[in-house]
Amino acid sequence: MAKNLMIQGTSSGAGKSIVTTALCRILTKDGYDVSPFKSQNMALNSFVTDQGLEMGRAQVVQAEACNKLPRVEMNPLLLKPAGNNISQIIFMGKIYDNLESSGFKKIKSSLIPGIKEAYDILASENEVILIEGAGSPAEINMNENDIANMGMANMVDAPVILVADIDRGGVFASIYGTIMLLKEEERARIKGIIINKFRGKVELLDEGIKKIEQLTQKPVLGVIPYINIELEDEDSITEKHNPINKSKHIDIEIVRLNHMSNSTDFDIFRRYPDVNIRYVDIDSEFLNPDLIIIPGTKNTIEDLISFKKSKLYPQLYELNNKKGVPVIGICGGYQILGKKIFDPLGVESDIKEISGLGILSHDTVFEKDKITVQTKAKIKTSFNENSIFYGAENLEVSGYELHCGKTNVDIKKDQIFSEVFEKLGKSHNEIDGMINTENNVMGSYLHGIFDNIGFTETILQNIRIKKGFGKSELDTFDINKFKENEYDKLENHFRKYLNINKVYEIIKL
């Protein structure tokens, strides 16, 4: 069986994911066969594996750092908040139930055998398992039947490194408080501390480090300076998405729906130096966008209602109808753009029928079964020269579908944007996306469609030309090369500031 190490944090956002990713990369580069593992994840950013199973994106990033294909055993339990204290429970890649927190607490222990089995499968195939915790191990109101932190560490007899975020302040108090709130046997599992996101001179921490080591009897293994790494966030939209920078040429505004999911769909736009990304809160207003995107959502009906009550609703029509600003809807955003949404089985709410924005002509019916597939499609429409999609004809695009609704399109009123030719590696034939006759409103179910560089660069080049900037002379962006460089950058940063030899001693390698 594999050896292991668990990364826990003093709080959510302390940096567990990035520390685990860095260690995945370091151990892999040092010749070990490594796999990430997170027993319980709570996130709205998810991914579909090549077997059609849903998992958290943080473990996808960590798998990439290990040069491994993502697989559902790396994240057997995923909780997706759906509003009103309800989460969709994804277990081993499929919907288990929709439960309030009290309901989840009741069934949590029944999931332990499946979680342990997923871990054991990975442990039988790898030399080292790097386990990421969730939140904090010192959440004493939630520690009964814990499967995310010390409960998981006990289950697989894992040593623990505790990560603390100094950027938010009170780092020594958070370290001491976390450790002291643990049971004695749990404290014994902690073999070291990492202070993360430091800005300044490390010498200023020397006295504090000595005192916290004396108080806790735990060594500080490293002080990691803040680093801007362009890797996907686990769940939130961070400071990477800045307000509009007027020196940039292209402004893309994305509606920040209340239950927005898979914001990682738009990370690719940050790779282009002349592109602004601005997330527009539901109670805010659009500025002067060149492209508006309505993203995916975990609760399409609630977000549609909120959108229709907002100032964004009439503004969207005006920008699209009078100024010709293009609009793209992805997944739930695609559903919102249509005429009607039906929920006869109460999949999302008690509302059985609701009018959409009506910019496209399709209807969507929610069903119990969730579609989770990797998909390849071909763009079919011939676009007019004013369309941002001009030149994208016959391009092949790939991505993944993650939705409960089935959409019925009206090819008499709208045009087919793309047709699916493959799902889960097998030949398939069905309509995916639709576009209006003006070629300026498009919807698609494909998460990750913008990661198809030829498609995205066609859109950006058309916007540049329309605004009088001409075509960019930038080399075609290689997303895989870019990611590899970022993983290497992360690896080198942690090798410099973390006592890797001590980490190896803790793992007993």
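The numbers here are math on the coordinates, done by the rules we state, and not lab data. Keep in mind that this is a model prediction, so the values were computed, not measured. Quick reminder, even Gly has a Cβ in these numbers, built from the backbone with ideal geometry, and neighbours come from all protein chains shown.
Amide H of residue 9 versus every other amide H placed in the peptide plane: which residues, excluding those fewer than 5 positions away on the same chain, fall under 5 Å?
163
Neighbouring Cβ atoms within 10 Å as the yardstick, rank 256, 71, 271, 25 fewest first.
So the residues, fewest neighbours to most, are 271, 256, 71, 25.
log₁₀ I(q)/I(0) of the stretch 278-331 at q = 0.25 Å⁻¹, via Debye over equal Cα point scatterers, no solvent, to two decimals?
Ignoring solvent entirely, the Cα scatterers give -1.12.
Mind checking the log10 I(q)/I(0) for the stretch 21-157 at q = 0.10, 0.11, 0.19, 0.20 Å⁻¹? Debye, one equal scatterer per Cα, no solvent, two decimals.
-0.31, -0.37, -1.11, -1.22
Using only the Cα atoms of the stretch 1-71, construct the convex hull and provide its projected area averaged over every direction, in square nanometres to one decimal.
5.2
If the viscosity is 0.890 mPa s and the temperature 25 °C, what Stokes-Einstein diffusion coefficient in µm²/s follows for the stretch 250-468 when Rh is the Kirkwood radius over Cα pairs?
Approximately 142 µm²/s, per Stokes-Einstein.
Starting with the fewest neighbours, write out 226, 445, 32 ranked by other beta-carbon atoms found within 10 Å of each beta-carbon.
Lowest to highest Cβ neighbour count: 226, 32, 445.
Which value at 222 nm does the chain reach when only helices count, each DSSP H run of 4 or more adding -39,500 (n - 2.57), with the total divided by all residues and rounded to the nearest 500 deg cm²/dmol?
Calculated at 222 nm, the ellipticity per residue is -8500 deg cm²/dmol.
Can you check what the net charge comes to around residue 445, using other residues whose Cβ is under 13 Å from the Cβ of residue 445 (Lys, Arg +1; Asp, Glu -1)?
-1
What share of Cα pairs, in percent, lie more than 19 angstrom apart in the stretch 249-354?
Roughly 43 percent, once rounded to a whole number.
In terms of the ratio Rg/(2.2 N^0.38 Å) built on C-alpha atoms, what value belongs to the stretch 148-199?
Ratio of Rg to 2.2 N^0.38 Å for the stretch 148-199: 1.19.
To the nearest Å, what is the center-to-center distance of the stretch 377-445 and the stretch 166-198, using C-alpha atoms only?
If we compute the Cα centre of each part, the gap is 50 Å.
Nearest 5 is fine: what % of DSSP beta bridges in the chain come out antiparallel, could you say?
50
Hey, which of these cross-link pairs are over 22 Å Cα-Cα: 108/423; 298/426; 380/406; 16/80?
From 108/423; 298/426; 380/406; 16/80, over 22 Å: 108/423; 298/426.
Within a 10 angstrom radius of the beta carbon, how do 136, 102, 382, 12 rank from fewest other beta carbons to most?
Ranking 136, 102, 382, 12 by Cβ neighbours within 10 Å, fewest first, gives 102, 382, 12, 136.
For the stretch 8-57 and the stretch 313-342, what is the separation of their C-alpha centers, rounded to whole Å?
Answer, in whole Å: 35.
With charges set only on the Cβ (+1 for Lys and Arg, -1 for Asp and Glu), what does the dipole of the stretch 343-461 come to about its Cα centre, in debye to the nearest 20?
260
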